[in-house]
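Have a look at the structure below before the remarks.
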Amino acid sequence: RAMRASASAARALASAAASVSSSSSTSSSVWCGRVGFDAPWFASMASSARVRTGAGGKFVRWVRPALRAVACDDDDGGDGVRHVLDSAHAAAAAAAAAALRATERRRAALTDTFGRAHNYLRVSLTERCNLRCGYCMPEEGVELTPDGKLLTADEVERLVRVFAGAGVDKVRLTGGEPTVRRDLEDIVKRVAAVPGIVDVSITTNGVTLAKRLETLKANGLTRLNISLDTLVPAKFEFMTRRKGQERVMASIDKAIELGFASVKVNCVVMRGQNDDELLDFVALTKEKPINVRFIEYMPFDGNKWSTKKMVSYVEMKSRIEDAFGALMRKDDSPEEVAKNFTIDGHAGSVSFVTSMTKSFCSGCNRLRIMADGNLKVCLFGNSEVSLRDAMRRGDTNDDLLDVIGAAVNRKKAAHAGMHELAQLDNRAMIKIGG
């Protein structure tokens with residue numbers, strides 16, 4: 001994205017110089033409108049820059065729009081002809097330089113002090129859910145934010161545009177349960193239409209999803225994560241305090257039928273509740289082209305987490321390999337959340353999200369906006385800043401970017417260990433967003 005922006009600015013600069021230099025008879029001043037690069041290029045009102053401007057080997061060596069001047073190098077590296085630009089070309093050069101500075105400023109806002117660039121934004125659309133999973137929703141429930149204090153569709157779109165302008169290209173819509181929002185299809189369409197966004201996904205429990213999938217896909221939804229912690233209908237009702245296991249399975253099958261780029265099944269594994277179904281979930285991948293993701297049980301407010309309930313990645317992997325043979329590790333990217341594996345002869349794959357025993361903080365590229373508009377730079381951090389309040393008091397997009405950049409700059413190198421996390425104050429998972 002930075003190189004494309006740089007190229008655009010460079011083309012404008014070359015174009016500004018081309019018309020004044022093309023009439024010159026001096027060989028060193030012959031310019032070409034096509035621009036290539038021999039190195040990353042950065043321009044400012046009074047900084048040096050080297051931009052290849054054609055097969056002839058000419059370079060823009062510096063541009064000072066205030067002086068309406070531009071200099072280039074000869075083929076042999078010596079000083080070439082310095083051209084005085086008229087006001088129109090000087091303005092074009094100034095605009096090109098300013099555009100590049102703005103692009104670099106926006107990108108810097110999403111890069112933290114540890115060099116992690118954040119291109120993945122998760123936006124919670126609601127705190128409401130039609131299930132009551134114990135690890136997400138405390139037994140006593142949660143105090144819901146009044147509707148008037150939740151982000152509107154317009155505010156969601158505006159924030160996505162601000163983040164996209166700073167380098168975000170992936171957006172995941174979460175909840176609560178995002179399908180309880182009647183305007184979900186409209187939000188997906190608006191987010192998918194934001195310039196720079198190439199991937200729009202949702203995390204959902206799938207209970208009411210199947211009938212909406214065709215419209216969601218047509219509106220730009222590319223990927224799905226469907227939460228399912230048991231394949232046994234009676235156990236599903238016990239764990240979620242609601243019925244609906246068969247409808248979740250129907251949503252998974254419908255998503256496969258419609259050909260989504262990725263269909264993942266999220267399974268939070270808890271000892272004594274569903275760890276006896278590990279192999280049954282793996283068996284699903286034999287014929288179904290899905291990715292089953294086994295998630296280590298994590299501590300959040302009110303979910304009664306304990307180490308005794310948590311089944312580690314190492315244990316899960318060992319139990320699966322005892323039954324199915326060696327798992328083959330995929331070549332995961334540095335920012336990948338899960339450890340991904342294939343199984344010989346299976347259409348699908350399995351993964352492990354190891355937040356508790358093998359954290360992946362060093363490659364974290366994710367930021368979260370909660371349904372009430374608070375920005376959370378780390379899932380397990382309790383530091384938040386309200387983007388909703390900033391928008392509603394009239395802040396400009398540049399003001400918002402300053403608030404976002406300051407929060408990103410405070411992001412820590414890693415979250416605490418699992419025992420420390422269990423003692424920290426944090427929201428219930430349903431209020432953070434899955």
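The values are calculated or read from the model by the stated rules, or taken from the named source; none is laboratory data. All figures in this text were calculated on a predicted structure; none of them were measured in a lab. So basically every Cβ, Gly included, is an ideal-geometry build from the backbone, and we count neighbours across all protein chains shown. When the accessible area is computed, the model is the full protein with side chains, heavy atoms only, and any ligands, DNA or RNA have been set aside. Shrake-Rupley method; radii C 1.70, N 1.55, O 1.52, S 1.80 Å.
Worth pointing out:
- Given (1) open to solvent by less than 20 Å² (accessible area, probe 1.4 Å); (2) at pLDDT 90 or above; (3) not polar (S, T, N, Q), number of the condition R410 does not satisfy: (1)
- When residues of the stretch 176-186 are limited to those that are assigned to a loop (DSSP other than H, G, I, E, B) and either among the aliphatic types (A, V, I, L, M) or touching a strand residue (DSSP E or B) at 6+ places or on another chain (Cβ under 8 Å) (or both), the one least open to solvent (accessible area, probe 1.4 Å): E177
- Test for D402: is it open to solvent by 30 Å² or more (accessible area, probe 1.4 Å) and either without any contact (Cβ under 8 Å) to a residue 24 or more places away in the chain or part of a strand (DSSP E or B) (or both): no
Okay, residues lined up against (1) surrounded by 13 or more Cβ atoms within 10 Å (Cβ to Cβ); (2) within 30 Å of V168 (Cα to Cα):
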| position | (1), (2) |
| --- | --- |
| R319 | yes, no |
| A326 | no, no |
| D332 | yes, yes |
| E335 | yes, yes |
| T342 | yes, yes |
| V350 | yes, yes |
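- Filtered residue count, the stretch 121-156, keeping only those that are open to solvent by 20 Å² or more (accessible area, probe 1.4 Å) and either at pLDDT 80 or above or farther than 30 Å from R271 by Cβ (or both): 16
- Output for the stretch 321-353, where each listed residue is more than 21 Å from L367 (Cα to Cα), part of a loop (DSSP other than H, G, I, E, B) and among the hydrophobic types (A, V, I, L, M, F, W, C): A326, L327, I343, A347
- Qualifying residue in the stretch 173-190 (condition: within 14 Å of the chain's Cα centre (by Cα), farther than 29 Å from R271 by Cβ and not acidic (D, E)): yes
Here is a yes/no grid of residues against (1) in contact (Cβ under 8 Å) with a residue 12 or more places away in the chain; (2) under 28 Å from L151 (Cα atoms):
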{"site": "A326", "(1), (2)": "no, no"}
{"site": "R329", "(1), (2)": "yes, no"}
{"site": "D332", "(1), (2)": "no, no"}
{"site": "T342", "(1), (2)": "yes, no"}
{"site": "S349", "(1), (2)": "yes, no"}
{"site": "T357", "(1), (2)": "yes, no"}
{"site": "F360", "(1), (2)": "yes, no"}
{"site": "G363", "(1), (2)": "yes, no"}
{"site": "R368", "(1), (2)": "yes, yes"}
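- Residue count for the stretch 377-398 under the criterion of being at pLDDT 95 or above and open to solvent by 50 Å² or more (accessible area, probe 1.4 Å): the result is 6.
- Residues of the stretch 187-245 that turn out to be buried (at least 19 other Cβ atoms within 10 Å of the Cβ), without any contact (Cβ under 8 Å) to a residue 40 or more places away in the chain and within 19 Å of L278 (Cα to Cα), as a count: 3
- Condition met for L279 (open to solvent by 50 Å² or more (accessible area, probe 1.4 Å), touching a helix residue (DSSP H, G or I) at 6+ places or on another chain (Cβ under 8 Å) and more than 30 Å from A413 (Cα to Cα)): yes
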